[in-house]
Amino acid sequence: MTHANKATMTDLQLAHLGEGAVAYLREIDSDDLKSRFPGMPEIESGLKLWALFAADGRPILLTDARDSAIAGAFQNDLMPVSIH
C-alpha cells in the first residue's frame, strides 16, 4: 500500500484562501450585528438581514434582501457563496 502525498496549508495560507475572489453571504439576525459589524448604530431587534463578508471574514455590506447581497458581490468582482 502506498501513501499519497498530502498537500498542507499553513494557517496564514488558509486565512487568505479565496481572498479577492470569493465572498460569502449569510442571513443574520439584527441582534447579532454588534459582533459582526463593530461600530454599527443600534437597529431594531429581531430583523432578518443578509450580510456579505470577504473571504477573510471582513464585513462588506448589510442589506435586507438576499438579491442585493449577491449583487454587491458581483459589483465587487467577487463570486458569492452561501453559508448555512
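Some points to look at:
- Scanning the range 59-82 for residues that are surrounded by 14 or more Cβ atoms within 10 Å (Cβ to Cβ) and without any contact (Cβ under 8 Å) to a residue 12 or more places away in the chain, we see that the one that is farthest from residue 37 (Cα to Cα) is 71.
- Residues that are crowded, with 16+ Cβ neighbours inside 10 Å, within 11 Å of residue 27 (Cβ to Cβ) and aliphatic (A, V, I, L, M), drawn from the range 43-58: 49, 51
- Any hit, the range 47-56, residues being hydrophobic (A, V, I, L, M, F, W, C) and over 11 Å from the mean Cα position of the chain (by Cα): yes
- When residues in the range 31-66 are screened for being under 21 Å from residue 21 (Cβ atoms) and in a helix (DSSP H, G or I), 1 of them pass.
- Test set (1) at pLDDT 90 or above; (2) in contact with a Leu (Cβ under 9 Å, 6 or more places away or on another chain) - residue 67 fails condition number: (2)
The values are calculated or read from the model by the stated rules, or taken from the named source; none is laboratory data. Predicted model only: the values in this text are computed from it and were never measured. FYI the Cβ positions are ideal-geometry reconstructions off the backbone, even for glycines, and counts take in every protein chain you see.
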